[in-house]
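Contents: one structure, followed by commentary.
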Amino acid sequence: MRRRLPRPATALLLLVAWLAINLTTSRTPEDARTIAAVVTGGIAVQFIFACALLAAAAALLRWPDVGFGRPRRDSLGVLWLPGLYLLVIAAVVIATGLPPVAVLLVLLVNVALGAFSEEAMFRGFLYAGLRDRLAIWPSVLVTTFLFGIIHVLNAFLIGNIAAALFQSLAAMMSGLMFMALRLRLRSLWPGILFHAAWNFGLILIGRDAPPLEPGQQIPVLGVVLTFLAILPLGAYPFWLLRHVGRDGDGLGPPAPPPVPRDAWGSLRP
């Protein structure tokens with residue numbers, strides 16, 4: 001009988017293939033110097049290929065715990081804060097004006113494909129694979145760190161390493177939010193929808209911002225205000241996951257109950 005590759009190794013190899021596809025099939029317009037220009041200038045074929053890779057992986061591997069099932073209805077209330085942020089973003093988008101319908105449609109397709117690709121890869125396959133060897137919180141932190149690190153690659157597009165590092169940090173914060181939704185709702189789909197809507201709104205808000213020149217410093221005030229604005233959303237996942245070590249994540253057994261001890265720390269009979 002052929003011995004199967006351990007799931008953590010399979011997930012990491014899938015991540016390498018996913019990265020290779022995104023880097024080698026990207027077709028960036030020559031005049032595109034911002035993320036907004038890339039995702040509104042045409043359908044991003046790298047997203048299509050990446051989604052095809054993950055769909056093939058789902059069909060071949062048949063992992064039951066990737067997260068493509070229905071979300072838990074009794075936990076949908078955790079979406080109140082993400083939903084509030086989306087309402088604020090929508091209000092800003094409407095107030096600043098919308099681009100032509102054709103641009104909106106291209107952007108909508110790209111953010112939907114991108115959100116599915118990233119959620120299925122990181123909060124789906126990678127997290128499920130790591131959980132075979134790691135506990136819940138180490139798996140959460142490794143997945144979130146890797147999700148943030150890949151956004152540093154945007155430095156090759158925008159040409160400013162400081163801006164790419166800031167985007168990487170922001171991606172870690174949002175990635176932790178997506179992970180919390182995946183674990184509390186036992187499904188990737190709410191995170192995919194929130195991820196797509198989040199990117200859709202933020203790109204529309206910042207689509208007319210001038211690109212940063214190589215070596216140009218990021219405005220400190222803008223960084224501080226952005227950080228303060230998303231701080232509640234960055235802290236919310238810790239609240240959502242405060243009992244995950246005890247209750248489990250649906251992918252592995254929950255932690256055993258604590259052993260009773262007396263006031264001096266000795267085991268009770």
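Screening LEU98, LEU146 for residues that are of a type outside the set (Gly, Ala, Ser) and outside any helix (DSSP H, G or I) leaves exactly one candidate, LEU98. Could you please let me know if LEU12 is closer than 24 Å to PRO237 by Cβ, touching a helix residue (DSSP H, G or I) at 6+ places or on another chain (Cβ under 8 Å) and surrounded by fewer than 18 Cβ atoms within 10 Å (Cβ to Cβ)? So LEU12 fits the description; yes. Residues in the range 105-140 that are basic (Lys, Arg) and out of contact with any helix residue (DSSP H, G or I) (no Cβ under 7 Å at 6 or more places or on another chain): there are none. Only residues that are over 20 Å from the mean Cα position of the chain (by Cα), modelled with pLDDT under 95, closer than 21 Å to ALA120 by Cβ and not in a loop (DSSP other than H, G, I, E, B) were counted in the range 8-49, giving 1.
Taking VAL78, is it farther than 14 Å from LEU181 by Cα, β-branched (Val, Ile, Thr) and either modelled with pLDDT of 95 or more or crowded, with 18+ Cβ neighbours inside 10 Å (or both)? No.
Restricted to the range 235-251, and to residues that are assigned to a helix (DSSP H, G or I) and surrounded by 17 or more Cβ atoms within 10 Å (Cβ to Cβ), which residue is farthest from the chain's Cα centre (by Cα)? The residue in question is VAL244. Considering only residues of the range 142-162 that are at pLDDT 90 or above and surrounded by fewer than 17 Cβ atoms within 10 Å (Cβ to Cβ), which is farthest from LEU126 (Cα to Cα)? Among them, the one singled out is ILE149. Within the range 120-138, is there a residue that is touching a residue at least 24 places away in the same chain (Cβ under 8 Å), more than 25 Å from LEU185 (Cβ to Cβ) and over 18 Å from the mean Cα position of the chain (by Cα)? Within the range 120-138, not a single residue is touching a residue at least 24 places away in the same chain (Cβ under 8 Å), more than 25 Å from LEU185 (Cβ to Cβ) and over 18 Å from the mean Cα position of the chain (by Cα).
All of VAL93, VAL78 fail the test of being under 30 Å from ASP249 (Cα atoms) and of a type in the set (Val, Ile, Thr), apart from VAL78. On the given criteria, is ARG70 of a type outside the set (Val, Ile, Thr), over 19 Å from LEU14 (Cβ atoms) and outside any helix (DSSP H, G or I)? So ARG70 passes the test.
The values are calculated or read from the model by the stated rules, or taken from the named source; none is laboratory data. Please read all numbers here as calculations on a predicted model, not as lab measurements. Cβ: placed from backbone, ideal geometry, glycine included. Neighbour counts: every protein chain shown.
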